[in-house]
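Reviewing the structure listed below.
The values are calculated or read from the model by the stated rules, or taken from the named source; none is laboratory data. The shown structure was predicted, so the numbers you read here are calculated from the model rather than taken from an experiment. Don't worry about glycine lacking a Cβ; one is built from the backbone with ideal geometry, like all the others, and counts go over all protein chains shown. For the accessible areas, the whole protein counts, side chains as well, though only heavy atoms, and no ligand, DNA or RNA atoms are used. Shrake-Rupley method; radii C 1.70, N 1.55, O 1.52, S 1.80 Å.
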Amino acid sequence: MSKPCLLAIDQGTTGSRAFLYDRQGRVLARGYQEIRQHFPRPGWVEHDPEELWGTTLQVIRRALARGRIDPSRIYAIGITNQRETTLLWDRKSGRPFHRAIVWQDRRTSDLCKAFKADEPQVRRVTGLVLDPYFSGTKIAWLLRHLPSVASAARSGRAAFGTVDSWLLWRLTGGKAHATDVTNASRTLLLDLKSGRWSEAMLKMFRVPGCILPEVHPSSHRFGKTAAVGPLPAGIPITGIAGDQQAALFGQGCTEPGEAKNTYGTGCFLLMQTGKRLIRSRHGLLTTAACDSKGQPSFALEGSVFIAGAAIQWLRDELGLLKKAVESERIALSVPDTGGAYLVPAFVGLGAPYWNPEARGLICGLTRGTRRAHLVRAALESIAYQSQELLSAMERDSGIRLHALRVDGGAVKNNFLLQFQADLAGVPVVRPRIIETTALGAAQLAGLGIGFWSTQDLARMRAVDRIFRPRWTGSRRGEALAGWKAAVRRAL
Ligand code: ADP
């Protein structure tokens, strides 16, 4: 047999990706296909489940063709996915009952308000906040609004799953109805501590337990493929994790205090807390993650709503930039922002403020303020917002951060990463492979079937560049105080 390889499927919000890796963890070939976004009403966002599945097969086919790889070489499969997105399908016909309700969908805002009194219990059991973002109220909405689905659910014919479960079910020809603990921890239905479905939450949201998938660790033998699309029967699926947790693992953050930040449209920050389940006092989420063996651990999570999107705003709405990449050169053309701050609270502020009514502002302007100062202030705002989450994580956990690993589209910006290092007072580490989500899924799968050892995984994590902090503590304190004063005005 020619050399075996590992397949990672990354089904994301904007598209589906497939990656084939060799034993050294190098990408042999990849495929990508965008998916259609459906907006049936303001605030609603849906995906077509058949398209999620169809594009997944398509990108696998594409990667195999590009790499001229025979599918019989695929040793195992790992899956990572957009989290929280909710599907219900018919076990008999195999057809979805409804389009997938995407994590961004806000249709269950009122439902969340109706449960407001129960929020402390929800927080205690699930580690999450009551927000339309998570799957639980989306399932409740489907069961309330589609009577035929409700009766199919009661009779055990309906199956619920996040995107990973849906793909697993289809890949195994309907044999495996399962998920991993990281995806399950985003549903509002999991008892985070025990890693099992919570009877109390099922009762609260009136979800029949018989529709739920089995929950397993992220590295686990979930099932084997049926002969589907380009794939032959019998390939084991041995790794599953939600996208952020897969990235945390792909970045090698498996020891308490290790954290990663993904800089994209928004930022997603996760800090590994190991066996310690830490409840946040600063509005962060507590979530399931993976330890070095792909077994369940815990993490603290926070997100910045507007990060790279602030650069898009400068480019598209203010016309201050032609391309995002110019922002680095322009920011570096001035020594500082001249006292200007941009607080991009365009959609309110998340942790640690949680103020949906906050709005964006630019302050500290003088006659001398130029385009470069504003561009610099926008980039700095990404780092300031991330820093506030990092400090909240440190305060909640009592763990001092050692280093911050970074990925996402905006980490090409060296100015941003140097400023982040200066502000955080810890080294910021950019890996050579920045597609850490797919890599994490592949690694979980490879570990699950003995294709790779934990030492092999460590060898794959090559560093591209380390940004070392240069500021004194007092300079950091001053910079942050200036930012906080600006935020107070936005609240
Ligand atoms: P997502 O996965 O959220 O769609 P990406 O990881 O592809 O986002 O990153 C794209 C975001 O990063 C955009 O918001 C863009 O403005 C920002 N971005 C891309 N390149 C740079 C850069 N060189 N400097 C600053 N921001 C950038």
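In Å², what does the accessible area per residue of the range 5-244 work out to with a 1.4 Å probe? Averaged over the residues of the range 5-244, the accessible area is 38 Å².
Of the solvent-accessible surface of the chain, computed with a 1.4 Å probe over protein heavy atoms with every protein chain present, carbon and sulfur atoms account for 51 percent. When each of the peptides 235-243, 62-70, 86-94 is scored by how many other beta carbons lie within 10 Å of its residues on average, the order from highest to lowest is 235-243, 86-94, 62-70.
If you restrict to DSSP beta bridges whose two residues both lie in the chain, what percentage is antiparallel, to the nearest 5? Around 70 percent of the beta bridges assigned by DSSP in the chain are antiparallel ones.
The alpha carbon convex hull volume per residue for the range 42-88 rounds to 116 Å³.
Taking 45 Å as R0, compute the FRET efficiency from the Cβ-Cβ separation of S391 and R370 and round it to 0.05.
Calculated value: 0.90.
Checking the cross-link pairs K224/K293; K193/K275; K203/K275; K260/K322; K260/K412; K175/K293 against a 18 Å limit on the alpha carbon distance flags K224/K293; K203/K275; K260/K322; K175/K293 as lying beyond it. Over the range 37-164, the pair-distance histogram of Cα-Cα distances with 5 Å bins from zero comes to 2, 9, 16, 18, 17, 14, 10, 6, 4, 2, 1, 0 percent, rounded to whole numbers.
Classify the range 247-289 as rounded, prolate or oblate, taking a ≥ b ≥ c as the square roots of the eigenvalues of its Cα gyration tensor: rounded when a/c is under 1.5, otherwise prolate if a/b is larger than b/c and oblate if not. Taking the square roots of the gyration eigenvalues as a ≥ b ≥ c, the range 247-289 is oblate.
Computed on the range 1-72, the Cα convex hull volume stands at 75 Å³ per residue. When the scattering of the range 184-274 is computed by the Debye formula from its Cα atoms alone, each counted once and equally, what is log10 I(q)/I(0) at q = 0.21, 0.26 Å⁻¹? Debye intensities relative to I(0), on a log10 scale: -1.09, -1.20. Panel note: the C-alpha atoms of the chain, placed on their principal axes, show extents of 69, 56, 42 Å (largest first). Among rounded, prolate and oblate, which fits the range 5-244 when a ≥ b ≥ c are the square roots of the eigenvalues of its C-alpha gyration tensor, a/c under 1.5 means rounded, and a/b larger than b/c means prolate? It comes out prolate by the Cα gyration axes. A full extension of the chain between E478 and S155 corresponds to an added length of 110.1 nm, given 0.36 nm per residue minus the alpha carbon distance. Placing R0 at 25 angstrom, the Cβ-Cβ distance between R26 and K92 gives a FRET efficiency of 0.05 after rounding to 0.05. Rounded to the nearest Å, what's the spacing between the alpha carbon centres of the range 433-487 and the range 324-373? Just the number, please. If we compute the Cα centre of each part, the gap is 25 Å.
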